[in-house]
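Worksheet for the structure shown next.
What follows draws every value from the coordinates through simple rules; no lab data is involved. Small disclaimer: the values here were computed from a predicted structure and weren't measured. Note: ideal-geometry Cβ built from the backbone for every residue, glycine included; neighbour counts use all protein chains shown.
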Protein chains: 2
Amino acid sequence: MQDIKQYIEDNKDRFLEELFELIRIPSISSDSSRKEDMRRASEKWKQILLEAGADRAEVMETKGHPVVFGEKMVDKNAPTVLVYGHTDVMPVDPVELWNTDPFEPVIKDGKIWARGADDDKGQAFMHAKAFEYLVKTNQLECNVKFLIEGEEEIGSENLPEFCENNKELLKADVILVSDTSMLAPDTPSITTGLRGLAYWQVDVTGPNRDLHSGIFGGAVANPINVLAKMIGGLLDENGKVTVPGFYDDVLEVSSEERELMGRAPYDEEKYKAAIGVDALQGEDGFTTPERTGIRPSFDVCGIWGGYTGEGAKTVLPSKAHAKLSSRLVPNQDHHKIADQFKAYFESIAPDSVNVEVSVLHGGQAYVCPIDIPAYRAAEKAYQETFGKRPVPVRSGGSIPIISTFEQILGIKSVLMGFGLESDAIHSPNENYPLEQFFKGIETIPYFYKYFSSEMK
Amino acid sequence: MQDIKQYIEDNKDRFLEELFELIRIPSISSDSSRKEDMRRASEKWKQILLEAGADRAEVMETKGHPVVFGEKMVDKNAPTVLVYGHTDVMPVDPVELWNTDPFEPVIKDGKIWARGADDDKGQAFMHAKAFEYLVKTNQLECNVKFLIEGEEEIGSENLPEFCENNKELLKADVILVSDTSMLAPDTPSITTGLRGLAYWQVDVTGPNRDLHSGIFGGAVANPINVLAKMIGGLLDENGKVTVPGFYDDVLEVSSEERELMGRAPYDEEKYKAAIGVDALQGEDGFTTPERTGIRPSFDVCGIWGGYTGEGAKTVLPSKAHAKLSSRLVPNQDHHKIADQFKAYFESIAPDSVNVEVSVLHGGQAYVCPIDIPAYRAAEKAYQETFGKRPVPVRSGGSIPIISTFEQILGIKSVLMGFGLESDAIHSPNENYPLEQFFKGIETIPYFYKYFSSEMK
């Protein structure tokens, strides 16, 4: 596998040109006028997989945008790796903030600038080229399957059903995903956890109409006052969520892993400066990376009620509303948490108002143990090419489909991300450093090598 | 004065036709396209006063809509009554909910239906006709001045300056106002108090942009969570405002007046049913009428922040906002309360956010003692025509100009309202019962009679 660097060097212009062809397709999944582009992007992926060496590849239908499946079987007894990626991208608004055309990639300052350059066209494409290298040089020791979906940016709505209907087709020993970031170019890391999510809307109704705050104020419960008090009590003075039972199923992270996580570079002053706050706030007894990585959180995502226009209008409003969410950690079941919260929040409502809680959304957390063969293989692969043992990182965000894969297919995912925080995914001027792109193509073949030996 | 009933009977059709001419002028002060109508309404009032027997009447300019002043001096040594009213009306939106043209008055079911039928064209016009009766029958024992403004519904913005510049002109022993309501047709009442008002906007800023609630949630203070907790703590479990010093200047109402106030008919079940709530909520130790009449209140008039659209969007928002107000009682200074609140609210803000409090609006409370000559005269007048001693009522609402009169002119107002709660002022299908209209014309002359003797 010593020739991988040379292979990249010999083919880099072609790799970029192929990636750019993919990027030029404006495959925005949320934009219904882009439906044909979504199909073109899927067809393009079929072509990419076949040219890279897949035995077969096909565009498969779902109730939404299509899915691309491809595979190459080398040996019935070899381990099977399922590569997951997505070909849909986020919208480009506000387009006026882009320095270049989002769908005409340019290379500048050592980076590819375009929508999808990182997320996830650039990162998924690394897998196609790593696969091509292994096939062309006869070094592929695993069976490989590819699953490229078109709805990741809109919640992977139809992928669970696709998985249910194609369990045999998707059978594998591990799912390999590059759709996350690493800490820094010189600090490789592997995302070992994703938080789950519970999301509610609460609607508080007081009087049957907006009332005159002079005539009624002081005698009639104000739904906003009530909602504020109810929400204000959901976090105690130690930053803990007060919903009874909320922490019952939280798995405490081993001291070894906390210690390893603690090695990740973290500069509190820089962190505060980047978001413009003077002080951080969170659960007592945990560091900032732990608060977002291994602890659940509670946030009000939105609140509204009464008069919100210019100036002073006095009103005792009839209604108040809020959108509330919790990020959950592994072993917390989002259904259970959603029900616990609903029961509690409704139980603390005073008689003077009516409180309704609706569960809007949910997803399970995901954790990848750091002692499974696939994680060890990934660790060794980064060690090989970056010269450093990668840091396991619990990300605060959620990729719901990863836990769905585990539930439906029973397969763990390893999140080998090569993106950087500065890549501006989902924002104007998305970019992906060429160095990360090529380093990804260089690292992935080692994963296959080490995974194959770990599984022997 | 026994002939007042007969005088009304003989002239009722003319009274109504004259009132209707006034009502037909669409004098909506907040609508800049109605500026000419505002002037026409003022000219109409000048004509009404002159025809009723004023020695002089004139339309006087302000920086906004004009003011009408008229007077009749009977005796330098007689007491002087200044009648205050307004000729501007509220907008008529939503006009589709009106059963008849808002500016074409009709009589149906014993009521006048039109915008301004009660507020305040109908009620102010009663004073012109009571005055006419006294002049025409040579029974006027007081000097009378009229001040009819055109900006009451938009906050009487220019009237304070007008008062400052015309103190001599407006000199009087009492101000008489019919711009409030009484409890019921068979339960006369006099509004003896109006609450003051302090109004703030609070802006809470956390991070410098909306953050990903997964990546940052749990480690960064969420401005909505913080705002909710801060607001939630402003009322304690006894319904008391927790701002230090808030109650320092609250005048406790005498037990005699509380006892008198308690005689006003009040049915808690009907009250709750009318506004559609199962339970009331307020300051411990006070009845509902006391909570709105003699105690200060605290209400959130509006709140907003984060994502408020359809469905579930996760965000840790940068900002949260609320509009807060307190109704104040006599002796609470709105400037002092505004400052106390601002200082306290900013002091309880955690380091993790920035909190700004802006004072948007304020007005002093007003109270009319029940033992002054003008109040006693009003009491006797109602007793004469309704056969019952009127109940003193502290209204929760605010008419800021009434306390401004006291501050600038040093004159107390007596609020002899003849409207009913069912008159739908400020709403579609405003109406004014003919019986109240004529009863007002019948009652007002007795006020002059008894005021004159009280002042001897």
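Taking the alpha-carbon distance from B:K323 and a cut-off under 18 Å, which aspartates and glutamates remain once sequence neighbours fewer than 8 residues away in the same chain are dropped?
Cross-link targets: A:D210, A:E310, B:D203, B:D299, B:D339, B:E346, B:E356.
Once amide H atoms are placed 1.01 Å from N in the peptide plane, what residues at a sequence separation of 5 or more from A:T192, or on another chain, have their amide H within under 5 Å of its amide H?
A:V393, A:R394, A:S395
Within 10 Å of each candidate Cβ there may be at most 16 other Cβ atoms; applying that plus a DSSP loop requirement, which trypsin sites (Lys or Arg not before Pro) in the range B:116-172 survive?
Details: sites: B:K121, B:K129, B:K136, B:K145, B:K167, B:K171; in loops: B:K167, B:K171.
Counting only loop positions with at most 16 other Cβ atoms within 10 Å, the trypsin sites (Lys or Arg not before Pro) in the range B:116-172 are B:K167, B:K171.
What ³J(HN,Hα) values, in whole Hz, does the Karplus curve 6.51 cos²θ - 1.76 cosθ + 1.60 give for the range A:404-418 when θ = phi - 60°, with x put for Gly and Pro?
Result, rounded to whole Hz: 5, 4, 5, 5, 7, 9, x, 10, 6, 10, 10, 9, 8, x, 10.
Other chains' Cβ within 10 Å of A:286-293 residues: what's the mean? It would help to have the intermediate numbers written out before the result.
Values: counts 2, 1, 4, 1, 2, 5, 9, 3.
Counting Cβ atoms of other protein chains within 10 Å of each residue's Cβ and averaging gives 3.
I'd like the mean, over residues of B:205-212, of how many other protein chain beta carbons sit within 10 Å of each residue's own Cβ.
Working: counts 2, 4, 5, 5, 2, 1, 2, 5.
Whole-number average of other-chain Cβ neighbours for B:205-212 is 3.
Tell me, what HN-Hα J-couplings in whole Hz come from the Karplus equation 6.51 cos²θ - 1.76 cosθ + 1.60 at θ = phi - 60° for each residue of the range B:256-273, using x for Gly and Pro?
Residue by residue, the range B:256-273 yields 4, 5, 4, 5, 5, 4, x, 7, 4, x, 8, 10, 4, 5, 5, 4, 5, 4 Hz.
Can you give the charge dipole size of the range A:1-91 about its Cα centre, rounded to the nearest 20 debye, using +1 on the beta carbon of Lys and Arg and -1 on the beta carbon of Asp and Glu?
Working: 14 positive and 18 negative charges, 61 e Å.
So the magnitude is around 300 debye.
Could you work out Rg/(2.2 N^0.38 Å) for the range B:216-328, with Rg from alpha carbons only? List each step's numbers first, then the result.
Details: Rg = 18.9 Å, N = 113, 2.2 N^0.38 = 13.3 Å.
Compactness ratio reported: 1.42.
Can you tell me which of B:69-82, B:100-113 comes out highest on packing, and rank the rest after it, using the mean Cβ neighbours within 10 Å?
Working: B:69-82: 18.5, B:100-113: 16.4.
My ranking of the peptides, most packed first, is B:69-82, B:100-113.
Which residue, B:F386, B:F438, B:M455, has the largest displacement toward the positive end of the dipole of the range B:301-456 when charges sit on each Cβ (Lys, Arg +1; Asp, Glu -1)?
Checking the options against the dipole of the range B:301-456, the answer is B:M455.
For A:E132, B:E61, which order do you get if you count the other beta carbons within 10 Å of each Cβ and list the fewest first?
B:E61, A:E132
By what distance, in whole Å, do the Cα atoms of the range A:49-116 stretch along each of the three principal axes, largest value first?
Dimensions of the range A:49-116 along the principal axes of its Cα atoms: 52, 35, 19 Å.
Suppose we take every Cα in the range B:158-251 and form the convex hull; what volume per residue is that in Å³?
On the way: hull volume 26.3 nm³, N = 94.
Cα-based convex hull of the range B:158-251, divided per residue, equals 280 Å³.
Please report A:S325, B:S181 as a ranked list, fewest other C-beta atoms within 10 angstrom at the top and most at the bottom. Show your work: numbers first, answer last.
Working: A:S325 26, B:S181 23.
Least to most surrounded, the residues fall as B:S181, A:S325.
By per-residue mean of other Cβ atoms within 10 Å, what is the highest-first order of B:174-180, B:22-28? Intermediate values should be presented prior to the final figure.
On the way: B:174-180: 24.9, B:22-28: 23.1.
Ranked from most to least packed, the peptides come out as B:174-180, B:22-28.
Under 5 Å between amide hydrogens, which residues at least 5 positions from B:L360 or on another chain qualify, with H placed 1.01 Å from N in the peptide plane?
Counting only residues 5 or more places away or on other chains, the set is B:Y199, B:W200, B:Q201.
Largest first and in whole Å, what are the equivalent-ellipsoid semi-axes of the range B:391-456 based on the Cα gyration tensor, each being the root of 5 times an eigenvalue? Before the final figure, lay out the partial values.
Working: eigenvalues 122, 81, 18 Å².
Gyration-tensor ellipsoid for the range B:391-456: 25, 20, 10 Å.
Go ahead and run the numbers for FRET between A:E421 and A:S358, Cβ-Cβ distance against an R0 of 30 Å, rounding to 0.05.
Numbers: r = 34 Å, r/R0 = 1.14.
So the FRET efficiency works out to roughly 0.30.
Return the long-range amide H neighbours of B:D210 (sequence gap of 5 or more, or a different chain), with a cut-off of under 5 Å between placed amide H atoms.
Those qualifying (amide H under 5 Å, at least 5 residues apart or on another chain) are B:S318.
Modelling each spin label as a point 7 Å along the Cα-to-Cβ direction, I'd like the B:L434/A:D284 distance in nm, to one decimal.
In this crude label model, B:L434 to A:D284 measures out at 7.4 nm.
Working from the alpha-carbon coordinates of the range A:95-183, get Rg over Rh, Rh being the Kirkwood radius. Walk me through the intermediate numbers first.
Details: Rg = 16.4 Å, Rh = 15.8 Å.
Rounded to two decimals, Rg/Rh equals 1.04.
Within the range B:243-265, find all residues whose amide N lies under 12 Å from a label point positioned 7 Å from the Cα of B:T187 along Cα-to-beta-carbon.
Answer for this model: B:261-265.
Given just the C-alpha atoms of the protein assembly as shown, how large is their convex hull per residue in cubic angstrom?
Details: hull volume 163.8 nm³, N = 912.
Dividing the Cα hull volume of the protein assembly as shown by its residue count gives 180 Å³.
Say R0 is 25 Å: what FRET efficiency, to the nearest 0.05, do B:D333 and A:N208 get from their beta-carbon distance? Intermediate values should be presented prior to the final figure.
Working: r = 35 Å, r/R0 = 1.40.
According to the calculation, E is roughly 0.10.
With angles folded into 0 to 90 degrees, how steeply does helix B:121-136 sit against the dominant principal axis of chain B? Use alpha carbons for both and round to 10.
Value to nearest ten degrees: 20.
Might you report the magnitude of the Cβ-based charge dipole of the range A:78-181 about its Cα centre, with Lys and Arg at +1 and Asp and Glu at -1, to the nearest 20 debye? Show your work: numbers first, answer last.
Values: 9 positive and 21 negative charges, 132 e Å.
Result for the range A:78-181 is approximately 640 debye, rounded to the nearest 20.
Tilt of helix A:434-454 relative to the longest C-alpha principal axis of chain A, in degrees (0 to 90, nearest 10)?
That helix lies at roughly 80 degrees to the long axis.
To the nearest 0.05, what FRET efficiency results for A:D371 and B:A343 with a Förster distance of 51 Å applied to their C-beta separation? Walk me through the numbers before you get to the answer.
Working: r = 56 Å, r/R0 = 1.11.
For R0 = 51 Å, the calculated efficiency reads 0.35.
Return the sequence-ordered ³J(HN,Hα) values of the range A:143-157 in whole Hz as given by the Karplus equation 6.51 cos²θ - 1.76 cosθ + 1.60 applied to θ = phi - 60°, using x for Gly and Pro.
6, 10, 10, 10, 10, 10, 9, x, 9, 5, 6, 10, x, 6, 4
Just in the range B:247-340: which GluC sites (Glu not before Pro) are loop by DSSP and have at most 15 other Cβ atoms within 10 Å? Walk me through the numbers before you get to the answer.
Working: sites: B:E252, B:E256, B:E257, B:E259, B:E268, B:E269, B:E283, B:E290, B:E310; in loops: B:E252, B:E283, B:E310.
Those satisfying the criteria are B:E252, B:E310.
Fewest to most neighbouring Cβ within 10 Å: what's the order for A:M230, A:M1? Walk me through the numbers on the way to the answer.
Details: A:M230 23, A:M1 15.
Lowest count first: A:M1, A:M230.
How far, in degrees from 0 to 90, does helix A:4-23 lean away from the longest principal axis of the Cα atoms of chain A, to the nearest 10?
Relative to chain A, helix A:4-23 is tipped by roughly 50 degrees.
Take peptide B:310-319, look around each residue's Cβ out to 10 angstrom, count Cβ atoms belonging to other protein chains, and average those counts. Intermediate values should be presented prior to the final figure.
Details: counts 2, 5, 14, 7, 11, 6, 6, 5, 2, 0.
Per residue, the number of nearby Cβ atoms from other chains is 6 on average.
With label points built 7 Å along Cα→Cβ from the Cα atoms of B:R263 and B:D13, find their separation and express it in nm.
Result: 4.2 nm between the two label points.
Just name one of B:C163, B:I402, B:L134: the one whose Cα is farthest towards the positive end of the charge dipole of the protein assembly as shown (beta-carbon charges, Lys/Arg +1, Asp/Glu -1).
Projecting each Cα onto the dipole axis, the largest value belongs to B:I402.
Obtain the radius of gyration and the Kirkwood radius of chain A from its C-alpha atoms and give Rg over Rh. Don't jump to the answer; show the numbers that get you there.
Details: Rg = 24.3 Å, Rh = 23.9 Å.
Over the Cα atoms of chain A, Rg/Rh equals 1.02.
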